[in-house]
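A short write-up of the structure that comes next.
The values are calculated or read from the model by the stated rules, or taken from the named source; none is laboratory data. Keep in mind it's a predicted model, so treat the numbers as computed, not measured. Every residue, glycine among them, receives a Cβ derived from its backbone with ideal geometry; neighbour counts consider all protein chains shown.
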Amino acid sequence: MPSMNAFFVQKVTDDAIAAVRANFSSSEIITNSEFMHVVGATLQQQALMDLSVQFNTDVMWLSYHSVSGGFAYYHWRTGTLLRALVYSNIEDHTWELVEGQAEDWEQQFFFTAENLADELDDEEDDEEDKLSDEEKQRIERFWQAGQLVVGEHIPSLGAQSCAFHIATYYRFPGWDFEEPHERRRD
C-alpha cells in the first residue's frame with residue numbers, strides 16, 4: 001500500500017454509517033465491532049470534528065504517502081482535537097505540526113532504544129564525519145524527553161510503518177496486521 005487516506009469512527013452504529021455515507025458517498029466503509037474505517041476520503045477537518053460531536057465518539061484521520069514520506073494523523077473526541085501530527089508534508093523529513101497531548105502509542109513507536117540506535121546510525125550516515133559527542137548527546141536528551149517537536153528532523157518517520165503501528169494499536173478494521181516491509185525512514 002504506497003499511500004492511504006482514511007478516517008476511523010469509533011462506536012459503529014447504523015446512524016453513524018448513514019451519516020458517513022451521506023457526507024462521504026464515494027468512500028468505501030469497512031467495519032469491525034469497534035471502528036468504522038472509511039477508505040478513500042479527503043481530509044475535511046470540520047466534517048470529521050462534527051461526526052465526533054454528533055455521535056459522541058472518537059474520530060481519527062490517518063494518511064501516509066510512502067513515496068514522499070508524508071504522514072498525517074488527527075484525533076478528535078466529541079469535537080475536541082486531542083492530537084494532530086503532520087510529518088514531511090511540505091518539508092522533507094520534518095515535523096510540521098505537533099498539537100495536543102502525546103498519545104500512548106507514540107512512546108511505544110517513536111522513542112524506543114532500538115529507534116534511538118537507528119536514528120544515531122542514520123544521522124552518522126547522513127553526515128560526512130562522525131557525529132560529535134555534543135550532537136549525539138542532544139539526540140539522546142531528545143529521546144529521553146520523548147516529545148515530538150515542530151521543525152525537528154528527529155525522530156525520522158517511516159510513514160507506512162507509523163500508520164501500521166497506529167492501526168495495530170487501535171485494531172482498526174481493514175488492515176492486515178503483519179508488519180509491512182519498510183524501514184523507519186522512507
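Tabulated results
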read-out	value
Filter pass, G151 being surrounded by 12 or more Cβ atoms within 10 Å (Cβ to Cβ) and either under 24 Å from Y170 (Cβ atoms) or at pLDDT 85 or above (or both)	no
Residue selected from region 81-109 under the condition without any contact (Cβ under 8 Å) to a residue 40 or more places away in the chain and in a strand (DSSP E or B), by the criterion surrounded by the fewest Cβ atoms within 10 Å (Cβ to Cβ)	E99
Considering residues of region 158-186 that are of a type in the set (F, W, Y) and modelled with pLDDT of 90 or more only, the residue surrounded by the fewest Cβ atoms within 10 Å (Cβ to Cβ)	Y169
The lone exception for M49 - which of (1) in contact with a Ser or Thr (Cβ under 8 Å, 6 or more places away or on another chain); (2) over 14 Å from A159 (Cα atoms) it fails	(1)
Subset of region 56-76 that is hydrophobic (A, V, I, L, M, F, W, C) and surrounded by 20 or more Cβ atoms within 10 Å (Cβ to Cβ) - its residue that is farthest from E96 (Cα to Cα)	V59
Filtered residues of region 38-67 (kept if assigned to a loop (DSSP other than H, G, I, E, B) and either free of Cβ contacts under 8 Å to residues at least 24 places away in the same chain or of a type in the set (F, W, Y) (or both))	Q44, F55
Inter-residue pairs, beta-carbon under 8 Å, first on the phi < 0 side of the Ramachandran plot and in contact (Cβ under 8 Å) with a residue 24 or more places away in the chain and in region 9-37, second β-branched (V, I, T) and in a loop (DSSP other than H, G, I, E, B), 6+ apart	V9/T57; Q10/T57; A16/T57; T31/V12; N32/V12; E34/V12; F35/V12; M36/V12
Some residue of region 135-144 being surrounded by fewer than 19 Cβ atoms within 10 Å (Cβ to Cβ), in contact with a strand residue (DSSP E or B) (Cβ under 7 Å, 6 or more places away or on another chain), modelled with pLDDT of 90 or more and not in a loop (DSSP other than H, G, I, E, B)	no
Top-ranked residue of region 5-15 - restricted to ones that are more than 15 Å from G79 (Cβ to Cβ) and of a type in the set (A, V, I, L, M), ranked as surrounded by the fewest Cβ atoms within 10 Å (Cβ to Cβ)	V12
Residues located in region 1-11, provided they are at pLDDT 90 or above and either of a type in the set (A, V, I, L, M, F, W, C) or touching a Leu at 6+ places or on another chain (Cβ under 6 Å) (or both)	M4, A6, F7, F8, V9
Criterion: of a type in the set (S, T, N, Q) and under 18 Å from F172 (Cα atoms) - qualifying residue of N89, N5	N5
Residue in region 19-53 that is surrounded by the most Cβ atoms within 10 Å (Cβ to Cβ), counting only those that are of a type in the set (G, A, S) and modelled with pLDDT of 90 or more	S52
Qualifying residue in region 5-16 (condition: in a helix (DSSP H, G or I) and of a type in the set (K, R))	no
